[in-house]
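Visitor: I am attaching a structure below and will ask some questions about it afterwards.
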Amino acid sequence: MSGITLEHEGPVAVVRFDRPDKLNALTLAMYDELAAAFAEVRDDDAIAAAVLTGSGDRAFCVGADLQESIPALAEGRFDISRWDGAHQKHTDLFKPVISAVNGLCLGGGFEIMLSTDLRIAAEQAEFQLPEPGVGLVPAGGTLVRLTRQIPYAWAMRLMLLAERLTAQEALEYGLLNAVVPAEDVLPTAVEWGGRLAALSGTAVATVKEAVLRLGGLPPEEAFHSEALYGQRAFASPDAREGLAAFAVRRRPDFPSRRTATDETGH
C-alpha cells in the first residue's frame with residue numbers, strides 16, 4: 001500500500017492516511033487501499049482492534065482529492081459505490097475501530113470518522129462537511145449515519161450550513177469521545193485498543209454487530225434479535241472461560257484472543 005499504511009502495535013493495528021503533503025487527501029487508489037486495510041483487520045486473528053489516524057500533525061484526512069475524483073465522477077468513469085468499503089457501508093468488520101484525529105477532519109475524512117466506533121481528537125482538530133459549497137453532498141454514509149449518531153437539528157446544521165467545528169464543539173455535539181493534547185492522541189487511541197484486546201473478542205464483536213444490525217429495525221423485531229445475539233454470547237467459549245475465571249478471581253484467558261500461533265506454540 002502506498003497512500004494507506006498498516007502497522008502493528010501488539011494486538012492493535014494502526015492504519016494511517018499517509019499523504020501528509022496533501023493533507024492526507026484520498027486518491028482513488030487510496031479508497032481501495034483503505035478498504036483492503038479494513039479487510040485485513042477483519043481477517044487477521046492477531047488484531048483485536050484498529051486505530052485510524054493521519055500522517056503528520058496537520059490533518060487526519062480532508063476527504064477526496066477533488067482534482068482527481070471530480071473529473072472521474074463527472075465523466076462517468078467512476079461509481080461512488082466503489083468507495084463503500086472505505087466508508088464501511090455494508091460492513092462485516094466487527095472489531096472496534098478507533099479514530100485518532102490529529103488535525104483537519106473534513107469531507108470524506110469526516111465521513112470515514114463517522115464509520116468508526118470510538119473517537120479521540122487533538123485539541124486543535126477541526127471538523128467540517130463542506131460538500132454543499134461545491135455542489136456535492138456527504139454521501140459516504142453520512143446522510144444515513146449522522147442523524148442516527150447525534151440529534152437531528154445538530155446533524156442538519158452540520159450538513160446544510162457546512163459550518164466548521166472545533167474539537168471542543170465536536171465533543172459537545174457528541175461526535176467524539178475525548179479531546180486530548182495533540183501528542184496524546186495516538187498513544188491514547190492505542191492504549192484504548194489495548195484495553196479492548198484484554199476483553200472478550202466474542203463479546204466485543206457481538207456488541208458491534210448487534211448495534212449495526214439492529215439500529216434500523218422496529219423495536220419488537222430488534223428485541224427478538226437482541227436476545228439471539230445475547231444467547232450466542234452467553235453460550236460461547238469466552239463466556240464459559242470468563243465465568244470460570246470470575247469464580248476463582250483470576251484473569252480470564254479468552255479463547256477468542258488465542259491466535260493459531262498461541263495455540264500451536266509456533
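The values are calculated or read from the model by the stated rules, or taken from the named source; none is laboratory data. Quick caveat, the model's predicted, so the values are computed rather than measured. Because the Cβ atoms are built from the backbone with ideal geometry, glycine has one as well, and the counts that use them run over all protein chains shown.
Visitor: Any residue in segment 72-89 that is without any contact (Cβ under 8 Å) to a residue 40 or more places away in the chain, surrounded by 14 or more Cβ atoms within 10 Å (Cβ to Cβ) and over 22 Å from LYS208 (Cβ atoms)?
Guide: For segment 72-89, residues without any contact (Cβ under 8 Å) to a residue 40 or more places away in the chain, surrounded by 14 or more Cβ atoms within 10 Å (Cβ to Cβ) and over 22 Å from LYS208 (Cβ atoms): present.
Visitor: Test of understanding: among ASP18, ASP92, ASP32, which residue is in the same structural domain as LEU186 (by the TED database) and either without any contact (Cβ under 8 Å) to a residue 12 or more places away in the chain or farther than 28 Å from VAL134 by Cβ (or both)?
Guide: Numbers: ASP18 fails: either without any contact (Cβ under 8 Å) to a residue 12 or more places away in the chain or farther than 28 Å from VAL134 by Cβ (or both); ASP32 fails: either without any contact (Cβ under 8 Å) to a residue 12 or more places away in the chain or farther than 28 Å from VAL134 by Cβ (or both).
Going through ASP18, ASP92, ASP32 in turn, just one is in the same structural domain as LEU186 (by the TED database) and either without any contact (Cβ under 8 Å) to a residue 12 or more places away in the chain or farther than 28 Å from VAL134 by Cβ (or both): ASP92.
Visitor: Just to be sure before I move on: is ALA46 surrounded by 15 or more Cβ atoms within 10 Å (Cβ to Cβ) and out of contact with any Cys (no Cβ under 8 Å at 6 or more places or on another chain) in the structure I sent?
Guide: Taking the combined requirement at face value, the residue does not satisfy it.
Visitor: Counting only residues that are within 17 Å of GLY107 (Cα to Cα) and among the aromatic types (Phe, Trp, Tyr), which one in segment 30-71 is farthest from the chain's Cα centre (by Cα)?
Guide: Kept after step one, since they are within 17 Å of GLY107 (Cα to Cα), are these residues of segment 30-71: 30-31, 34, 52-54, 58-70.
Keeping just the survivors that are among the aromatic types (Phe, Trp, Tyr) gives 31, 60.
Working: TYR31: 14, PHE60: 13 Å.
Filtering first and then ranking leaves TYR31.
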